[in-house]
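Bear in mind that the values in this text are calculations on the coordinates, not laboratory data. Here the structure is a predicted model, which means the values were calculated and not measured. All Cβ positions, glycine included, derive from the backbone under ideal geometry; neighbour counts span all protein chains shown.
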Amino acid sequence: MSNPPSTKLILQLYASMLRTSRSFSSYNFREYFLRRTRNTFREIQREEDPARIIALYDASVKELTALKRSAIVNQLYGGWTLAVEKQKLPAEHSNS
């Protein structure tokens, strides 16, 4: 049995997954993957069984690769901005 990943590796994976989740252009996908990532890593944090930690970590690494591919596709085919998203204000021009 191999050793469980270090806390540093788990935190790096968590940061990568959060960063990738935030890159979705679609609000619903973005919020869903942020919530899912937080819940997954809360579960890893509470886990005490080293074998289970290794399994959760390996599953998260695989999920990260799929998440990156999905984010790229979502950016290519992103839809309209929803009303619940922060709206970008048009740049103000001064006529001086």
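Numbers for the structure displayed
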item: Conditions (1) polar (S, T, N, Q); (2) in contact (Cβ under 8 Å) with a residue 24 or more places away in the chain; (3) surrounded by 12 or more Cβ atoms within 10 Å (Cβ to Cβ); number of the one not met by Ser2; result: (3)
item: Subset tally (residues that are surrounded by fewer than 18 Cβ atoms within 10 Å (Cβ to Cβ), farther than 20 Å from Asp49 by Cβ and not basic (Lys, Arg)) for region 5-20; result: 4
